[in-house]
Amino acid sequence: MAVQPEIDHATGRTTTGHEWDGIKELNSPLPKWWLYIFYATIVWSVGYWIVYPSWPLVTNYTKGVFGYASRQDVTRELDALKALRAERAGALARTPLEDIAKDPTLLTFALAQGKAAFGDNCAPCHGLSATGSPSFPNLRDDTWLWGGGIADIHQTIAFGIRNADDRSRQGPMPGLGGPNGALKPDEVITVANFVRALSGLPTRQGYDPAKGKELFANNCAACHGDEGRGNREMGAPNLTSRNFLYGSDEKTIIETINLGRGGVMPGWAGRLDETTVKSLAVYVHALGGGQ
C-alpha cells in the first residue's frame with residue numbers, strides 16, 4: 001500500500017519526509033524561471049564545447065569550429081607593443097651603455113623597461129625592492145663583488161655567475177676545512193674569528209690574533225688580499241666590510257670556510273633580447289652605488 005505524503009498544515013504543501021530538530025523540509029519545486037535559465041546555461045555550454053577549444057585529448061585538444069586560441073590575442077598584443085616601442089628600442093640598442101644616461105628620454109625608457117624586466121626575472125631571488133636576502137646580494141648598496149660599473153653589471157646580467165657558460169663570472173671559493181681540507185677544525189675557528197675581527201666584529205674568548213693572521217695569510221690572502229679587502233677580478237669579497245652575503249655570525253663563517261661557496265646566477269643573454277638586458281643593466285646600476 002502506497003504511503004501518503006505528509007501535508008504541512010501551515011502551508012498546505014507536502015514534505016520530503018526529512019526533519020531536523022522538529023523542522024520539516026517542504027517539497028517545494030524550483031521556480032520555473034530559474035529552471036529555464038539553468039537549462040539555457042547547459043545548452044550554452046554545449047555550444048561552447050563545439051565552437052571553442054575545450055576538450056583535452058591525449059597529446060592535444062579540440063580546436064573548436066572557430067579555431068580560437070587566446071595565445072593569438074596575446075601574440076597580437078605583444079606585436080603591437082613591440083611596434084609601439086620599436087623606435088626607442090632601436091635607439092637603445094644602438095646607444096653605448098655609458099651614453100644612455102646622457103639622453104633623458106632614452107634613460108626614462110630604459111629604466112621603465114628595466115624595472116618591469118627586473119620584477120619578472122630578478123625579483124624571485126633579489127626581491128622586488130632589490131634588497132636581496134642571505135646568499136642573494138643586495139643591489140641597493142655599494143658593495144659589488146665584480147664591480148658596480150654599468151659595464152660590469154651588464155656582463156653579470158648577460159652571462160651570469162658560475163654557470164656552464166664560459167663567459168660567465170667564475171671564482172668559486174673552495175672549502176678549506178673537513179677531512180681533506182688545509183685547515184684543522186681549531187684553525188677554521190681561528191680564521192673565522194680573524195675574519196670577524198677584520199670587520200670590527202667581536203671575537204670569542206681565547207682567540208689568538210697572531211695565529212689568525214698567519215693562517216689567513218697562508219690560506220686566504222691569495223684571493224682576499226693581505227688586508228682582506230677582496231679582489232674583484234676573482235669575485236672575492238671585501239672582508240673588512242660588514243656586508244656579508246651569507247651572514248657574519250661565527251657559525252656561518254665557519255661553515256663558509258669549511259665548505260666553500262659557489263652560488264650560481266643564470267645568464268640572461270639569449271633568454272632576453274639585448275635591449276632588455278641593457279635596460280636591466282641601467283636599472284640595476286641606478287639602484288646601487290655604481291662603484
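In this structure, is T156 open to solvent by 30 Å² or more (accessible area, probe 1.4 Å) and not aromatic (F, W, Y)?
Answer is no for this residue.
When region 114-160 is examined, which residues are found to be at pLDDT 95 or above, farther than 19 Å from A236 by Cα and of a type in the set (S, T, N, Q)?
N121
Just to check your reading of the model, which residue among Y52, Y68, Y61, Y48 is hydroxyl-bearing (S, T, Y), in contact with a Gly (Cβ under 7 Å, 6 or more places away or on another chain) and surrounded by 10 or more Cβ atoms within 10 Å (Cβ to Cβ)?
On the way: Y68 fails: in contact with a Gly (Cβ under 7 Å, 6 or more places away or on another chain); Y61 fails: in contact with a Gly (Cβ under 7 Å, 6 or more places away or on another chain); Y48 fails: in contact with a Gly (Cβ under 7 Å, 6 or more places away or on another chain).
Criteria check complete, one pass: Y52.
Looking only at residues in region 242-274 that are without any contact (Cβ under 8 Å) to a residue 60 or more places away in the chain and not charged (D, E, K, R), which one is surrounded by the most Cβ atoms within 10 Å (Cβ to Cβ)?
Among those residues, the one meeting the criterion is F244.
Please specify each residue of region 4-31 satisfying the condition of being of a type in the set (V, I, T) and in contact with a strand residue (DSSP E or B) (Cβ under 9 Å, 6 or more places away or on another chain).
Listed by number, the residues that qualify are I7, T11, T14, T15, T16.
Among the residues of region 207-224, write down those that are open to solvent by less than 70 Å² (accessible area, probe 1.4 Å), in contact with a Ser or Thr (Cβ under 8 Å, 6 or more places away or on another chain) and in a helix (DSSP H, G or I).
G212, L215
Can you say whether E250 is within 28 Å of I153 (Cβ to Cβ) and not aliphatic (A, V, I, L, M), as far as the supplied structure shows?
Numbers: within 28 Å of I153 (Cβ to Cβ): no; not aliphatic (A, V, I, L, M): yes.
No; evaluated as a whole, the condition is false for this residue.
Somewhere in region 257-275, is a residue part of a helix (DSSP H, G or I), at pLDDT 95 or above and of a type in the set (S, T, Y)?
no
Evaluate region 90-108: report whether one residue or more is basic (K, R) and either open to solvent by less than 70 Å² (accessible area, probe 1.4 Å) or under 30 Å from I161 (Cβ atoms) (or both).
There is at least one residue in region 90-108 that is basic (K, R) and either open to solvent by less than 70 Å² (accessible area, probe 1.4 Å) or under 30 Å from I161 (Cβ atoms) (or both).
Within region 169-206, work out how many residues are more than 19 Å from N238 (Cα to Cα), assigned to a loop (DSSP other than H, G, I, E, B) and either at pLDDT 95 or above or open to solvent by 80 Å² or more (accessible area, probe 1.4 Å) (or both).
Here the count works out to 6.
Looking at region 225-241, can you tell me whether even one residue there is buried (at least 20 other Cβ atoms within 10 Å of the Cβ), of a type outside the set (S, T, Y) and either closer than 30 Å to T95 by Cα or in the same structural domain as G148 (by TED's automatic domain parsing) (or both)?
Checking region 225-241: at least one residue is buried (at least 20 other Cβ atoms within 10 Å of the Cβ), of a type outside the set (S, T, Y) and either closer than 30 Å to T95 by Cα or in the same structural domain as G148 (by TED's automatic domain parsing) (or both).
The values are calculated or read from the model by the stated rules, or taken from the named source; none is laboratory data. Just so we're clear, the structure is a prediction, and the values are computed from it rather than from any experiment. Heads up, the Cβs are rebuilt from the backbone with ideal geometry, glycines too, and the neighbour counts pull from every protein chain shown. Side chains are part of the model used for accessible areas, which takes the heavy atoms of the whole protein and leaves out ligands, DNA and RNA. Shrake-Rupley method; radii C 1.70, N 1.55, O 1.52, S 1.80 Å.
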